[in-house]
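> Below is the structure I would like to discuss, written out as structure tokens.
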Ligand SMILES: Cc1cc2nc3c(=O)[nH]c(=O)nc-3n(C[C@H](O)[C@H](O)[C@H](O)COP(=O)(O)O)c2cc1C
């Protein structure tokens, strides 16, 4: 039996049932149907993201990405068809040869338009697509049009809700994940759920560490009052240090305002702290220094685990070194116990805009000897 969603299109949105929305949101590939001026149907597989709030489905975005294409984005048949006739359908389906009880499909009918890069909504569309597909973070979507669909109806059939799905996290190829991690400095205000933050810190906990002692802990800051206390405390030190560098007052003020803004507007701040209390103690200075260096190396490994786990979740991060220059001040501002030494500040959230990526040295330049 085919089920229809409540059509709220007069008010600009359709209201799919919860399992319809989940099926649509968790689907990875769909088929987009457009029609030419001569009424010839055209069908292509697409990656897509469904956007809405409070149970409504307001928009679908489809990137015209860099996957092998023979013509420029504007020349694609689907784009020319939409220009002539905005009526489109998008089909998401599940087929299982071993279990026909799991078969299901969902179709969204709607009206499509092309969002050009200068359109204010283009950035929102690209951010939404990149949150769903980490592969898109390595592609220059910012310069390419996006298809935007306003749904007018949702119809579905079969066993949409499938308990076995979702239980197993979707695997992202490692090469994709490692490139998806990037340093972001400006974030959207959307809060990050606590369960996700805990999941990322659990991933940090799986880092290698000297004697397996895990010489690090994490302070998580979300409340505005706590971030302000931190920004105020670090601001005084920054001002003094930048002045020491001989920078003029206007430059100091501008840099300070930028850093302060980063602290106040990022949804979640994580302060990784070195915690050497459980480490071995040596009578000689050399081994003691090596022990502490190992702890710092391990802290870096734990942070990288956290950053990669965030990227796997479609989240972005930014690494700020500021606490390293005033650990006692940060510890006091956050009321942390004396054994903790704040070493960094990790911004966590969803990127407000794509950062510029730095080129990487090729392996030949990184490997100094391969004997
Ligand atoms: C130890 C460490 C400290 C860093 N400190 C800062 C910082 O204070 N501010 C900042 O904007 N980025 C900081 N970064 C981020 C680097 O600038 C960034 O990783 C680098 O430019 C490469 O860009 P990518 O992370 O996007 O690949 C830091 C990175 C590391 C590993």
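The values are calculated or read from the model by the stated rules, or taken from the named source; none is laboratory data. These figures come from a predicted structure and were not determined experimentally. Neighbour counts run over all protein chains shown; Cβ positions are idealised from the backbone, glycine included.
> Quick check on residue 229: is it without any contact (Cβ under 8 Å) to a residue 12 or more places away in the chain, away from the ligand (no atom under 16 Å from the Cβ) and at negative phi?
It is false that residue 229 is without any contact (Cβ under 8 Å) to a residue 12 or more places away in the chain, away from the ligand (no atom under 16 Å from the Cβ) and at negative phi.
> Could I ask something else about it? Please specify each residue of the range 332-364 satisfying the condition of being exposed (fewer than 10 other Cβ atoms within 10 Å of the Cβ) and either at positive phi or within 16 Å of the ligand (Cβ to nearest atom) (or both).
335, 356, 358, 359, 360, 361, 362
> Let me ask another. Output the residues belonging to the range 319-331 that are touching a strand residue (DSSP E or B) at 6+ places or on another chain (Cβ under 7 Å) and within 12 Å of the ligand (Cβ to nearest atom).
319, 320, 322, 323
> From the list 268, 276, which residue is crowded, with 17+ Cβ neighbours inside 10 Å, away from the ligand (no atom under 16 Å from the Cβ) and at pLDDT below 95?
Criteria check complete, one pass: 276.
> Can you tell me which residues in the range 237-255 are over 17 Å from residue 323 (Cβ atoms) and in a helix (DSSP H, G or I)?
243, 244, 249, 250, 251, 252, 253, 254 - these are the residues of the range 237-255 that are over 17 Å from residue 323 (Cβ atoms) and in a helix (DSSP H, G or I).
> Applying the selection to the range 17-45, what residues are touching a residue at least 60 places away in the same chain (Cβ under 8 Å) and in contact with a helix residue (DSSP H, G or I) (Cβ under 6 Å, 6 or more places away or on another chain)?
Selection gives 34 alone.
> Please specify each residue of the range 78-121 satisfying the condition of being outside any strand (DSSP E or B) and closer than 18 Å to residue 157 by Cα.
Scanning the range 78-121 gives 95, 96, 97, 99, 100, 101, 102, 103.
> Would you be able to say whether some residue in the range 309-318 is over 28 Å from residue 354 (Cα atoms), within 14 Å of the ligand (Cβ to nearest atom) and touching a residue at least 12 places away in the same chain (Cβ under 8 Å)?
No: the range 309-318 contains no residue that is over 28 Å from residue 354 (Cα atoms), within 14 Å of the ligand (Cβ to nearest atom) and touching a residue at least 12 places away in the same chain (Cβ under 8 Å).
> Starting from residues that are touching a residue at least 24 places away in the same chain (Cβ under 8 Å) and within 13 Å of residue 216 (Cα to Cα), keep the ones in the range 276-296 and report whichever is nearest to the chain's Cα centre (by Cα).
Among them, the one singled out is 296.
> Quick test for you: out of 173, 169, 120, 134, pick the one residue that is modelled with pLDDT under 90 and within 16 Å of the ligand (Cβ to nearest atom).
134
> Moving on. On the basis of being in a helix (DSSP H, G or I), modelled with pLDDT of 95 or more and under 23 Å from residue 228 (Cα atoms), does residue 341 make the cut?
Answer is no for this residue.
> Within the range 256-273, is there a residue that is within 26 Å of residue 348 (Cα to Cα), more than 26 Å from the chain's Cα centre (by Cα) and assigned to a strand (DSSP E or B)?
no
> Same structure, new question: Go through the range 177-226 and give me each residue that's under 13 Å from the mean Cα position of the chain (by Cα), within 16 Å of the ligand (Cβ to nearest atom) and in a helix (DSSP H, G or I).
177, 178, 179, 180
> On to the next question. All but one of (1) in contact with a strand residue (DSSP E or B) (Cβ under 7 Å, 6 or more places away or on another chain); (2) within 30 Å of residue 137 (Cα to Cα); (3) assigned to a helix (DSSP H, G or I) hold for residue 301, so report the exception by its number.
Residue 301 satisfies all of (1) in contact with a strand residue (DSSP E or B) (Cβ under 7 Å, 6 or more places away or on another chain); (2) within 30 Å of residue 137 (Cα to Cα); (3) assigned to a helix (DSSP H, G or I) except (1).
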